[in-house]
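The structure appears right after this line, and notes come after that.
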Amino acid sequence: MARGRSLHRVGVACVEWAWPPGVCVCHVCCSFFCWFCGATLIERSFIRCVSMFLNTLTPKFYVALTGTSSLISGLILIFEWWYFRKYGTSFIEQVSVSHLRPLLGGVDTSSPSNTSASNGDADSSRQSVSECKVWRNPLNLFRGAEYNRYTWVTGREPLTYYDMNLSAQDHQTFFTCDSDHLRPADAIMQKAWRERNPQARITAAHEALDLEECATAYVLLAEEEATTIVEAEKLFKQALKVGEICYRRSQQLQHHGAQYEAQHRRDTNVLVYIKRRLAMCSRKLGRTREAVKMMRDLMKEFPLLSMFNIHENLLESLLELQNYADVQAVLAKYDDISLPKSATICYTAALLKARAVSDKFSPEAASRRGLSTAEMNAVEAIHRAVEFNPHVPKYLLEMKSLILPPEHILKRGDSEAIAYTFFHLQHWKRVEGALNLLHCTWEGMFHEVSVYPKKELPFFILFTAGLCSFTAMLALLTHQFPELMGVFAKAFLSTLFAPLNFIMEKVESILPSSLWHQLTRI
């Protein structure tokens with residue numbers, strides 16, 4: 001039998017021994033027991049050395065130690081506070097989430113989940129994201145026919161670079177797929193959506209149309225080159241013809257592989273986008289009933305694809321028709337606690353409740369007799385809306401001037417208030433007394449715009465503040481009462497090592513003294 005070899009360390013000595021045939025298992029157990037006892041002796045010697053070292057320390061050392069700890073934690077606290085005030089997040093938390101979690105195998109759950117274009121995943125992922133995030137404005141204007149007019153008149157850009165960059169990312173997500181390189185026109189459009197120069201994008205779209213009919217090329221020209229809504233509608237109708245052909249073809253091939261499935265998702269997104277923009281063209285050209293029909297058909301055809309927030313376009317069109325019963329039916333479906341809220345949903349619900357009582361509402365009469373049930377419901381609805389987005393009332397009451405709405409909005413933020421008021425102010429003015437009721441209710445709630453949702457201090461700022469205060473207090477106490485704090489430190493360390501000392505005493509009482517003597521010699 002081959003000779004077994006093992007390395008047996010006791011202290012710093014290494015003993016190599018052979019395991020000949022027939023060796024009993026007890027020998028192995030004894031060897032392991034000896035190794036454990038040797039390790040225990042080493043730990044005990046280490047504890048004694050540490051105790052001797054601590055006994056030799058003076059109170060000045062403890063003062064310096066606690067003072068240095070307090071200084072370092074104070075510097076960390078100042079830096080964390082400055083970083084939080086500037087960027088709204090904790091530096092330590094951001095570094096741990098961005099860099100340490102991937103190294104430890106964690107998954108980042110804060111990435112925007114609505115960039116997925118699949119029909120089934122879009123609805124479920126949207127419910128999981130936070131309400132306080134950037135969303136695409138469902139009522140965004142046309143760049144060529146509307147935003148560019150402001151540029152022609154004032155010479156200023158109505159959109160920020162950040163907003164246009166987000167739109168470029170949306171276009172690449174919705175209108176491109178991995179198989180675009182197989183078709184020359186789609187390959188050109190894939191590059192066009194990444195272009196920063198508007199003229200370069202328009203030129204690329206014309207190049208794609210010179211090769212073959214391309215729905216996304218018509219979409220780009222309708223959005224950016226058309227100077228009127230009528231021209232944009234004509235281009236969108238051409239895009240619709242091409243988009244329906246591509247959609248039907250990819251629908252038949254979607255189960256043939258992942259590549260065809262990706263093409264079908266892209267064609268679905270393109271078709272939904274075109275139909276939605278055509279409905280918006282009809283709304284802007286005064287054909288509101290036609291727009292409502294197109295939106296209803298679109299929501300019925302693609303019920304799961306809710307990332308475009310088509311119901312908000314439908315609500316605005318129904319309010320224009322003063323069809324309040326249908327508005328209430330849409331709100332009953334989408335004003336649900338499981339779905340992300342918006343200023344459109346909250347303030348439209350408040351408008352319907354206010355409409356029932358606003359024409360006869362009088363603050364003086366209400367203060368004398370109290371609020372009726374209907375008035376109480378209206379006030380509570382306004383409270384709920386203002387709690388969701390407190391920036392809207394100042395724009396509805398025309399206490400702040402309006403600007404053109406951006407292409408992306410921050411839920412519960414000022415940009416969402418601008419976008420909502422830009423399209424819905426006329427509906428509030430149409431309901432007699434609604435703005436008066438809003439003003440009375442809002443004035444009683446908030447004299448200043450509340451910061452909602454309120455940012456809470458990160459954990460690490462609170463932790464460093466507590467650590468800095470605790471170490472500073474220890475340094476002060478050690479400086480003022482050195483002997484007492486020295487006794488306290490020794491008592492604390494003795495208590496800390498008490499369980500280990502108890503184990504050591506038990507081991508000494510069990511093992512014979514001769515064995516300890518042999519082990520110490522080794």
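The values are calculated or read from the model by the stated rules, or taken from the named source; none is laboratory data. Everything numeric here is computed off the predicted structure, so don't read it as measured data. Note that we place each Cβ from the backbone using ideal geometry, even for glycine, and neighbour counts take in every protein chain shown. The area values use the complete protein model at the heavy-atom level, side chains included, leaving out ligands, DNA and RNA. Shrake-Rupley method; radii C 1.70, N 1.55, O 1.52, S 1.80 Å.
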Net charge near residue 464 (other residues with Cβ under 15 Å of its Cβ; Lys, Arg +1; Asp, Glu -1) is -1
Length gained if residue 495 through residue 237 is fully extended, taking 0.36 nm per residue and subtracting the Cα-Cα distance, is 84.7 nm
The rounded separation in angstrom of the Cα centers of segment 396-431 and segment 348-362 is 19
Inter-part gap, Cα centre of segment 261-281 to Cα centre of segment 158-215, in whole angstrom, is 15
Heavy-atom accessible area per residue of segment 373-420, all protein chains kept, 1.4 Å probe, expressed in Å², is 37
Violations at 30 Å Cα threshold for listed pairs 60/506; 293/400; 275/360; 360/394 -> 60/506; 293/400; 275/360
For segment 229-270, listing GluC sites (Glu not before Pro) in a DSSP loop whose Cβ sees at most 14 other Cβ atoms within 10 Å gives none
Per the C-alpha gyration tensor (a ≥ b ≥ c, the square roots of its eigenvalues), segment 276-398 is rounded if a/c is under 1.5, else prolate if a/b beats b/c, else oblate; here it's prolate
Residue span residue 462 to residue 328: 0.36 nm per residue of separation minus Cα-Cα distance leaves a gain in nm of 43.6 nm
Relative contact order in percent for segment 338-398 (Cα pairs under 8 Å, 6+ apart) equals 48
Given a 1.4 Å probe, the accessible area of segment 165-276 per residue, as a whole number of Å², is 48
Output for segment 140-222: GluC sites (Glu not before Pro) sitting in coil per DSSP, at most 12 other Cβ within 10 Å, listed by number, reads 212
Length gained, residue 153-residue 178, 0.36 nm per residue minus C-alpha separation, equals 4.9 nm
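When Lys and Arg each count +1 and Asp and Glu each count -1, what net charge do the other residues less than 13 Å away from residue 433, Cβ to Cβ, add up to?
+2
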For segment 126-252, averaging the sequence separation of alpha carbon pairs under 8 Å that lie six or more residues apart and dividing by its residue count, the contact order in percent is 23
Summing +1 per Lys or Arg and -1 per Asp or Glu among the other residues with Cβ less than 13 Å from residue 227's Cβ gives -3
Between residue 488 and residue 211, the two model label points (7 Å from Cα along the beta-carbon direction) sit apart by a distance in nm of 7.7
Bounding extents of segment 202-293 in its principal axis frame from Cα atoms, largest first in Å, are 44, 33, 14
